[in-house]
Amino acid sequence: MSRISREEVSKVAQLAKLKLNEEQIDNHATQIEKILDYINQLEKIDTTNVPCTTRAIEVINNFRSDANVTYKNRDEILNLAPSRENDFFKVPKIIKD
């Protein structure tokens, strides 16, 4: 007996505001059934000694050193901005009072 009925697929499609014809309902029911069978297989795997991970491969961040640098051409750099106020870049206000 199927774990996913046509009525359940129709109900989920209705909640998701999807219009499925009869063939699509049958197709989705079959696909969901296969997905649940695969999940059932995965649940049988012993993962007792497997550490938790967030990714399949390890990601290492390469950070540059944080160094304070004084530029000799400060005015030239500030003048490249569309708007400037004294020694600062002037940007549009984004937070209302």
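A quick yes/no check of all residues on (1) within 32 Å of the chain's Cα centre (by Cα); (2) aliphatic (A, V, I, L, M):
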| site | (1), (2) |
| --- | --- |
| Ser10 | yes, no |
| Leu20 | yes, yes |
| Pro51 | yes, no |
| Asn61 | yes, no |
| Ile77 | no, yes |
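Does segment 84-95 hold any residues that are assigned to a loop (DSSP other than H, G, I, E, B) and under 35 Å from the mean Cα position of the chain (by Cα), and which are they? Spell out how you get there, then give the answer.
So the first thing to find is which residues in segment 84-95 are assigned to a loop (DSSP other than H, G, I, E, B), and the list is 86-87, 90-95.
The answer is Lys90, Val91, Pro92, Lys93, Ile94, Ile95.
Got at least one residue in segment 66-74 being surrounded by 10 or more Cβ atoms within 10 Å (Cβ to Cβ), part of a helix (DSSP H, G or I), at negative phi and more than 23 Å from the chain's Cα centre (by Cα)? Even if it seems obvious, please write down each step before you answer.
Initially, segment 66-74 is screened for residues surrounded by 10 or more Cβ atoms within 10 Å (Cβ to Cβ), giving 74.
From what's left, part of a helix (DSSP H, G or I): 74.
Narrowing the set further to residues that are at negative phi leaves 74.
With more than 23 Å from the chain's Cα centre (by Cα) added as a condition, the list becomes 74.
Looking through segment 66-74, at least one residue is surrounded by 10 or more Cβ atoms within 10 Å (Cβ to Cβ), part of a helix (DSSP H, G or I), at negative phi and more than 23 Å from the chain's Cα centre (by Cα).
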Quick count over segment 1-31, residues being part of a helix (DSSP H, G or I) and exposed (fewer than 11 other Cβ atoms within 10 Å of the Cβ), is 4
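Kindly indicate which of Leu36, Leu42 is exposed (fewer than 10 other Cβ atoms within 10 Å of the Cβ), modelled with pLDDT of 90 or more, within 25 Å of the chain's Cα centre (by Cα) and in a helix (DSSP H, G or I).
On the way: Leu36 fails: exposed (fewer than 10 other Cβ atoms within 10 Å of the Cβ).
It is Leu42.
The values are calculated or read from the model by the stated rules, or taken from the named source; none is laboratory data. Everything numeric here is computed off the predicted structure, so don't read it as measured data. We place every Cβ from the backbone using ideal geometry, glycine too, and count neighbours over all the protein chains shown.
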